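The values are calculated or read from the model by the stated rules, or taken from the named source; none is laboratory data. What you see is a predicted model, and the numbers here were worked out from it, not measured in a lab. In this analysis, Cβ positions are derived from the backbone assuming ideal geometry, glycine residues included, and neighbour counts consider all displayed protein chains. These accessible areas exclude ligands, DNA and RNA; they are computed on the full protein's heavy atoms, side chains included. Shrake-Rupley method; radii C 1.70, N 1.55, O 1.52, S 1.80 Å.
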Amino acid sequence: MEDLSKLSLVEQINGLKSKKFSSIELTEFYLKRIDQEKVLNSFISLNENALKEAKKSDEKIAKNKSSSLEGIPIAHKDIFCIKDQKTTCGSKMLENFISPYSSTVYEKLSSSGTVNLGKTNMDEFAMGSSNETSFFGSVLNPIDPERVPGGSSGGSATAVAANLCSFATGTDTGGSIRQPAAFCGITGIKPTYGRVSRWGMIAFASSLDQGGIFAKNALDAALALENIAGFDEKDSTSINKKVPPFFNQAKSKDEEHVVGIPKKIIEDIKDDNVKNNFFESLDILKKSGVKVKEIDLKNIQYSLPVYYVIAPAECSANLSRYDGVRFGHRCENPKDLDDLYERSRAEGFGEEVKKRILIGTYCLSAGYYDAYYLKAQKIRNLIKQSFMDAFKEVSSIMMPTCANVSFKLNSIQNPVEMYEQDIYTIPANLAGLPAISIPSGKINKLPLGIQFIGNYLEEGNLLNLSNKFQQNSNFHNE
Ligand code: GLN
């Protein structure tokens, strides 16, 4: 049989349809791979029913009744609730939490015929850039196991990069799909805020959180995104717009591109390798006939401080529900109600989460609300406005995904240095814009990513641009 691990999602669909292999064979193959690569620690739990699901898919395929992704194995970030299955969000707080309902993202992919392999490891409550804050231990980067895969969706990124599945779900609040995609040499897309339902996706910072996809290339990402996007009345911030055929759009020859280069940001890139890679990538795009224009993105330099007020503020509110009464971990023998709250939370949350809850509570407190939270919201609006001004002249904006390649495990102790990992990814979350990271080369064998940010609901345009880049380069196959 051919090497199943190298197959893209699209190739798998064709292989299943033409009966080159069955869903059971594909699923068995991946379960074995996951077992062989256990050291990577990319999964928190496996789905006991994976082979049963595969069998059902094979029956449907035999009867010509398949759905769009029938029989394709997938891995889900352990932030997406699945009914009657464990959903931990990488936290001791939810170590034994069995969800009573399923997230919309899971429901959609399940009704598209995917086979759930299991839940992937992640930073606790999606707070982190290295996957070192997970209660279930760090995830290793498959390209160099002494290094981090990036975070917070590091388990999903590692799973796709190590060929433990061909695609996976993730979430991106400040870069958690794009940064790990870049560190692991794969493609990752964060859609427009509201494009993908947040129902059943455990909340970190609700105005920034967005579900998305890891895949081997832009076409696979397009196909997968088509299957998770769409209006959901259960999510009040869901966008009620028809989902365009992203896959066809990604392949289309009619899509026009004027790519904006934010001059100051590019000039200020500190790492020469990252800067050179940016210009090499730009050359690839230019050769494929894409127009390029320099732009000015004002106030972008404030993105990081703005994010680290707004995200902790929202997290402090969202995580107040874990009180030892309604959800998750409960301490033993509480003296009284206060003791129950205090010890359950002290025991259940890790250091990073506690730090964010404290910062967020402080920023929202009566005396400091105007100085921090309100100010941050105002600057957030200015940042959004700069993007809107830019999109009057260009169709997308190109930046590096990260300021560096993957770093060694436990090598960053300074929290600010860790937060700076997301310097290029956070602006898109603050503005709610779609953004994608694709592989753009390597430095000493370690992958680098390039990022395209698009206008609202222009995922199709970004996927088309990324596909153009991938047609004219081979980094995504290395
Ligand atoms: N690294 C950022 C943080 O820790 C972003 C995380 C994310 O996108 N979930 O907040």
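Out of all the residues in region 172-192, is one or more within 20 Å of V115 (Cα to Cα) and not hydrophobic (A, V, I, L, M, F, W, C)?
Going residue by residue through region 172-192, those that are within 20 Å of V115 (Cα to Cα) are none.
There is no residue in region 172-192 that is within 20 Å of V115 (Cα to Cα) and not hydrophobic (A, V, I, L, M, F, W, C).
How many of the residues in region 24-42 are open to solvent by less than 60 Å² (accessible area, probe 1.4 Å) and under 28 Å from F247 (Cβ atoms)? Even if it seems obvious, please write down each step before you answer.
Of region 24-42, the ones open to solvent by less than 60 Å² (accessible area, probe 1.4 Å) are 24, 26-27, 29-31, 33-34, 37, 40-42.
In the following step, the residues that additionally are under 28 Å from F247 (Cβ atoms) were identified as 24, 26-27, 29-31, 33-34, 42.
Matching residues across region 24-42 total 9.
Tell me, which strands (runs of 3 or more DSSP E) wholly within region 176-267 include 1 or more residues that are open to solvent by 10 Å² or more (accessible area, probe 1.4 Å)? Working first, answer last.
On the way: elements: 187-190, 211-215, 258-262.
Fully inside region 176-267 and qualifying: 258-262.
Consider E233 carefully, then state whether it is more than 16 Å from the ligand (Cβ to nearest atom), in contact with a strand residue (DSSP E or B) (Cβ under 9 Å, 6 or more places away or on another chain) and without any contact (Cβ under 8 Å) to a residue 60 or more places away in the chain. Working first, answer last.
On the way: more than 16 Å from the ligand (Cβ to nearest atom): yes; in contact with a strand residue (DSSP E or B) (Cβ under 9 Å, 6 or more places away or on another chain): no; without any contact (Cβ under 8 Å) to a residue 60 or more places away in the chain: yes.
The answer is no for E233.
Which of the residues spanning region 323-357 are among the hydrophobic types (A, V, I, L, M, F, W, C) and touching a Pro at 6+ places or on another chain (Cβ under 8 Å)?
Narrowing region 323-357 to residues among the hydrophobic types (A, V, I, L, M, F, W, C): 325, 327, 331, 337, 340, 346, 349, 353, 357.
Within region 323-357, L340, I357 meet the criteria.
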Which pairs have Cβ atoms under 7 Å, sit 6 or more apart or on different chains, and link a residue in region 12-36 that is within 15 Å of K60 (Cα to Cα) to one that is open to solvent by 60 Å² or more (accessible area, probe 1.4 Å) and basic (K, R)? I24/K55
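May I ask you to verify whether F80 is of a type in the set (A, V, I, L, M, F, W, C) and either touching a Lys or Arg at 6+ places or on another chain (Cβ under 7 Å) or away from the ligand (no atom under 16 Å from the Cβ) (or both)? Let's see the steps before the verdict.
On the way: of a type in the set (A, V, I, L, M, F, W, C): yes; either touching a Lys or Arg at 6+ places or on another chain (Cβ under 7 Å) or away from the ligand (no atom under 16 Å from the Cβ) (or both): no.
So F80 does not fit the description; no.
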Would you mind listing the helices (runs of 4 or more DSSP H) fully within region 391-472 where at least 3 residues are more than 16 Å from the ligand (Cβ to nearest atom)? 459-471
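Residue check: is S406 in contact with an Asp or Glu (Cβ under 8 Å, 6 or more places away or on another chain), over 30 Å from E146 (Cα atoms) and modelled with pLDDT of 95 or more?
Answer is no for this residue.
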Filtering helices (runs of 4 or more DSSP H) wholly in region 283-374 for at least 2 residues that are closer than 20 Å to S134 by Cα and in contact with a His (Cβ under 9 Å, 6 or more places away or on another chain) gives 337-348
Residues satisfying the stated conditions in region 118-174, i.e. away from the ligand (no atom under 15 Å from the Cβ), part of a loop (DSSP other than H, G, I, E, B) and crowded, with 24+ Cβ neighbours inside 10 Å: L164, C165, S166
For the structure I just gave you, tell me whether S110 is in a helix (DSSP H, G or I) and open to solvent by 10 Å² or more (accessible area, probe 1.4 Å). yes
Here the residues within region 59-98 that are of a type in the set (D, E, K, R) and surrounded by fewer than 20 Cβ atoms within 10 Å (Cβ to Cβ) are E59, K60, K63, K65, K83, D84, K86, K92, E95
Residue ranges of helices (runs of 4 or more DSSP H) in region 1-98 with at least 1 members at pLDDT below 95 and of a type outside the set (G, A, S): 9-17
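Looking only at region 98-120, which residues are aromatic (F, W, Y) and within 18 Å of the chain's Cα centre (by Cα)? Give the steps one after another, and end with the answer.
Applying the first criterion (aromatic (F, W, Y)) to region 98-120 yields 101, 106.
Selection gives Y106 alone.
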In region 341-356, which residues are more than 17 Å from N96 (Cα to Cα) and either within 16 Å of the ligand (Cβ to nearest atom) or touching a Lys or Arg at 6+ places or on another chain (Cβ under 7 Å) (or both)? E351, E352, V353, K354, K355, R356
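Hey, does region 323-330 have a residue that's within 16 Å of the ligand (Cβ to nearest atom) and of a type outside the set (V, I, T)? So that I can check it myself, show each step before the final result.
Of the residues in region 323-330, the ones within 16 Å of the ligand (Cβ to nearest atom) are none.
No; the residues of region 323-330 include none that is within 16 Å of the ligand (Cβ to nearest atom) and of a type outside the set (V, I, T).
Out of K378, K384, I need the residue that is over 23 Å from F278 (Cα atoms) and in contact with a Leu (Cβ under 8 Å, 6 or more places away or on another chain). Which one?
Details: K378 fails: in contact with a Leu (Cβ under 8 Å, 6 or more places away or on another chain).
Answer to the selection: K384.
For every residue, the table says whether it meets (1) surrounded by fewer than 19 Cβ atoms within 10 Å (Cβ to Cβ); (2) touching a residue at least 60 places away in the same chain (Cβ under 8 Å); (3) over 30 Å from G260 (Cα atoms).
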| site | (1), (2), (3) |
| --- | --- |
| S316 | no, no, yes |
| R330 | yes, no, yes |
| Y341 | yes, no, yes |
| A346 | yes, no, yes |
| K355 | yes, yes, yes |
| T361 | yes, no, yes |
| S365 | yes, no, yes |
| F387 | no, yes, no |
| N404 | yes, yes, no |
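Somewhere in region 14-23, is a residue of a type in the set (A, V, I, L, M) and open to solvent by 10 Å² or more (accessible area, probe 1.4 Å)?
No - not one qualifying residue is present in region 14-23.
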